[in-house]
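These notes concern the structure reproduced below.
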Amino acid sequence: MRLPVNQPDLTIGPTLAREPMVLAVADDHPLAHRERVSIEDVADYAVAPITDEPNELIDTFMPRVTPGGRAIHRLDRRPKTPHEVTALIARGRIVHPTVPSFAQFFGQPGITYIPMEDMPWVKSGLVWRRRSANPRLREFIKVTRQTLARRRGAAAGHPPRS
């Protein structure tokens, strides 16, 4: 799941990936020709978070106010699915701060993705219900942590342990 998530019933596990932020816009949008954009640029257009996303995640991707103090307009009616979001983007109704993997899973023709120069990279990680006692889950988390540790070691030039 994309992070941050600060829900009392959830446990956050290891970070699996980090991605830069991009802005999804219609191909004919005024920002589409830009090499880079800023969160300040987003304040000139409407955004629409997906209905079931946690508020802390929405606020990371679409803060209510830019660092310069400009309000970012969120549509009152929130889309229910990522496919509804891509349709709104392609029609030029909204711009959508997101990550490159969003395009890989939900991309469609008519959308351009522009790097956002002033937004932090977004983490994705394992998230599970706090009270889960499932032994398979515990083993999966253990193996994931071991795999990540081996990859970090290999990236640092350390040979893998047997």
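Read the figures in this text as sums done on the coordinates, not as results from a lab. Just so you know, these numbers come straight off a predicted model, no measurement behind them. Note: ideal-geometry Cβ built from the backbone for every residue, glycine included; neighbour counts use all protein chains shown.
The number of residues in region 95-118 that are under 11 Å from the mean Cα position of the chain (by Cα) and over 22 Å from ASP28 (Cβ atoms) comes to 2.
Taken over region 86-101, the residue count meeting the criterion of being in contact (Cβ under 8 Å) with a residue 24 or more places away in the chain and outside any loop (DSSP other than H, G, I, E, B) is 9.
For ILE58, state whether it is in a strand (DSSP E or B) and under 18 Å from PRO120 (Cβ atoms). Taking the combined requirement at face value, the residue does not satisfy it.
Checked against (1) surrounded by 12 or more Cβ atoms within 10 Å (Cβ to Cβ); (2) under 26 Å from ARG36 (Cβ atoms); (3) under 18 Å from the mean Cα position of the chain (by Cα), GLY92 passes all but condition (3). Among the candidates GLY92, GLY107, GLY68, the residue that is at positive phi and not aromatic (Phe, Trp, Tyr) is uniquely GLY92. Of the candidates GLN108, GLN104, the single residue that is surrounded by fewer than 16 Cβ atoms within 10 Å (Cβ to Cβ) and part of a loop (DSSP other than H, G, I, E, B) is GLN108. Only residues that are part of a loop (DSSP other than H, G, I, E, B) and surrounded by 11 or more Cβ atoms within 10 Å (Cβ to Cβ) were counted in region 68-85, giving 7.
Among the residues of region 111-125, are any free of Cβ contacts under 8 Å to residues at least 40 places away in the same chain and surrounded by fewer than 16 Cβ atoms within 10 Å (Cβ to Cβ)?
Among the residues of region 111-125, not one is free of Cβ contacts under 8 Å to residues at least 40 places away in the same chain and surrounded by fewer than 16 Cβ atoms within 10 Å (Cβ to Cβ), which makes the answer no.
Inspect region 66-77 for any residue being hydrophobic (A, V, I, L, M, F, W, C) and under 30 Å from GLY13 (Cα atoms) and give the result as yes or no. No, region 66-77 contains no residue that is hydrophobic (A, V, I, L, M, F, W, C) and under 30 Å from GLY13 (Cα atoms). Looking only at residues in region 33-49 that are surrounded by 17 or more Cβ atoms within 10 Å (Cβ to Cβ) and aliphatic (A, V, I, L, M), the one that is farthest from SER101 (Cα to Cα) is ALA43.
Checked against the criterion of being part of a helix (DSSP H, G or I), out of contact with any strand residue (DSSP E or B) (no Cβ under 6 Å at 6 or more places or on another chain) and closer than 25 Å to ILE12 by Cβ, the candidates ARG131, ARG145, ARG152 yield just one match: ARG152. Residues being farther than 17 Å from MET119 by Cβ, assigned to a loop (DSSP other than H, G, I, E, B), in contact with a Leu (Cβ under 8 Å, 6 or more places away or on another chain) and of a type in the set (Val, Ile, Thr) are represented in region 2-19 by at least one member.
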